[in-house]
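Q: For reference, the structure I am asking about is given below.
Laboratory data are not the source of any read-out in this text; all were calculated from the coordinates shown. Keep in mind that what you see is a predicted model, and the values were worked out from it rather than measured. Positions of Cβ are backbone-derived with ideal geometry, glycine not excepted, and every protein chain shown enters the neighbour counts.
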Amino acid sequence: MRGNSVAHPTGKFEELIQAAEERGSLTAVEITEILDIREIPVEYESRWSVGRE
């Protein structure tokens, strides 16, 4: 990712990856602080069934 835009600031992903490698895992709050965003946009889709489809 090229960076240097509002959506993908330069160096933010590198900082995020480095922090994850150093700490082993990151919380959502830590990720938003590193990326300097208010919330993480997440989509989730789930499908399940019982018996025959």
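Q: Quick check on packing: order 43-50, 13-20, 24-31 by the mean number of other C-beta atoms within 10 Å, highest mean leading.
A: 13-20, 24-31, 43-50
Q: Then there is this: Along segment 36-43, what does the Karplus equation 6.51 cos²θ - 1.76 cosθ + 1.60 (θ = phi - 60°) give for ³J(HN,Hα), rounded to whole Hz, x for Gly and Pro?
A: In residue order, the calculated couplings are 6, 10, 7, 8, 8, x, 10, 10 Hz.
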